[in-house]
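The values are calculated or read from the model by the stated rules, or taken from the named source; none is laboratory data. Just so it is clear, the model here is predicted, and its values are computed rather than measured. Ideal geometry is used to build each Cβ from the backbone, glycine not excepted, and the neighbour counts take in all protein chains shown. Note: areas computed on protein heavy atoms with side chains; ligands, DNA, RNA excluded. Shrake-Rupley method; radii C 1.70, N 1.55, O 1.52, S 1.80 Å.
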Amino acid sequence: PYNDEWEEMGKMQGSDGDETSFSSFSLDMTYFEHKGRHYLIWAEIIGDSSLFMAEINPAEPNKLISKPILLTKPEYDWEKVVYRVNEGASVLKHGDKIFVFFSASGTGSEYCMGVLYAEENSNLMDKSSWTKVSFPVLQTSDLEGESGPGHNSFTVDDNGNTVILYHSRPASHLEGKCGTYWEESLYDPCRHARIKRVYFTKDGTPIIRMKDSEWVNPELSEIKCKIISEG
């Protein structure tokens, strides 16, 4: 990709007969493949900023081949602070589930992340296959020295551990002390890229809110106790 020629394919298009997709402000598109089918998720403002999903053919990746589904829209209070927003989808496949993390609300200290999930063998283009968690899975109160986490992606480190990359603001932003502080957060560039380890529960659910101080040293992950019975 660094040396070969690139071809500009033009604006994204809806499937035949779809005159709605990409007709208004849209951004934050992400792609993923699952069981031989290829999907796009993007944010589009149709009323509110919501997330839509559709299928594509990789041979013609700038045109949908299915009618999109509305994956998620702002419903809960934590998704409607300052702005009514769902955006920035990122996909994580783990165990027998597919997780879609997304960002919600304005981009100041209120910015936070939510998640939906579906069983890996379900019909991903059926809205009923997806379960939306009703609370934010990462927000300012979950962090130390940071505020407004959002717009994430996933990768693995050199040891194969899953890590999350996201942006957030320094805690000083809450007090208006960030060097570029602007009351309207959309115009305030005081946010930085961060990275942290992702942990998983016994049933495979990813945990992204764990603070550094809560991590267990692997050397201390096993304990022994001696029980003495009296009598």
Original post:
Restricting attention to segment 152-188, and to residues there that are among the small types (G, A, S) and closer than 23 Å to G204 by Cα, which single residue is modelled with the lowest pLDDT?
Top reply: G160
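Before we move on, is N57 in contact with a Lys or Arg (Cβ under 8 Å, 6 or more places away or on another chain), in contact (Cβ under 8 Å) with a residue 12 or more places away in the chain and surrounded by fewer than 18 Cβ atoms within 10 Å (Cβ to Cβ)?
yes
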Original post:
Applying the selection to segment 20-33, what residues are surrounded by 14 or more Cβ atoms within 10 Å (Cβ to Cβ), part of a strand (DSSP E or B) and in contact (Cβ under 8 Å) with a residue 24 or more places away in the chain?
Top reply: D28, T30, F32
**OP:** Please enumerate the residues belonging to segment 153-180 that are among the β-branched types (V, I, T) and in a loop (DSSP other than H, G, I, E, B).
**Re:** T180
Original post:
Going through segment 1-19 one residue at a time, which ones are of a type outside the set (A, V, I, L, M, F, W, C), in a loop (DSSP other than H, G, I, E, B) and surrounded by 10 or more Cβ atoms within 10 Å (Cβ to Cβ)?
Top reply: G14, S15, D18
**OP:** Would you check which residues across segment 60-84 are under 17 Å from S15 (Cβ atoms), in contact with an Asp or Glu (Cβ under 9 Å, 6 or more places away or on another chain) and crowded, with 20+ Cβ neighbours inside 10 Å and list them?
**Re:** L64, P68
Original post:
Does S109 satisfy being polar (S, T, N, Q), closer than 30 Å to E184 by Cβ and open to solvent by less than 10 Å² (accessible area, probe 1.4 Å)?
Top reply: no
Original post:
If you check P149, P136, which single one turns out to be at pLDDT 95 or above, surrounded by 14 or more Cβ atoms within 10 Å (Cβ to Cβ) and in contact with a Cys (Cβ under 6 Å, 6 or more places away or on another chain)?
Top reply: P136
Original post:
Of all residues in segment 154-183, which are closer than 25 Å to F135 by Cα and either hydrophobic (A, V, I, L, M, F, W, C) or surrounded by fewer than 14 Cβ atoms within 10 Å (Cβ to Cβ) (or both)?
Top reply: F154, T155, V163, I164, L165, A171, L174
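Quick one: would you say E87 is surrounded by fewer than 21 Cβ atoms within 10 Å (Cβ to Cβ) and under 28 Å from H38 (Cα atoms)?
no
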Original post:
Before we move on, is G114 part of a loop (DSSP other than H, G, I, E, B) and open to solvent by less than 20 Å² (accessible area, probe 1.4 Å)?
Top reply: no
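Quick grid of which residues meet (1) charged (D, E, K, R); (2) farther than 23 Å from E119 by Cα:
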| residue | (1), (2) |
| --- | --- |
| M9 | no, yes |
| S15 | no, yes |
| S24 | no, yes |
| R37 | yes, no |
| W42 | no, no |
| F52 | no, no |
Original post:
Applying the selection to segment 41-54, what residues are closer than 18 Å to F99 by Cβ and either touching a residue at least 60 places away in the same chain (Cβ under 8 Å) or open to solvent by 10 Å² or more (accessible area, probe 1.4 Å) (or both)?
Top reply: F52, M53
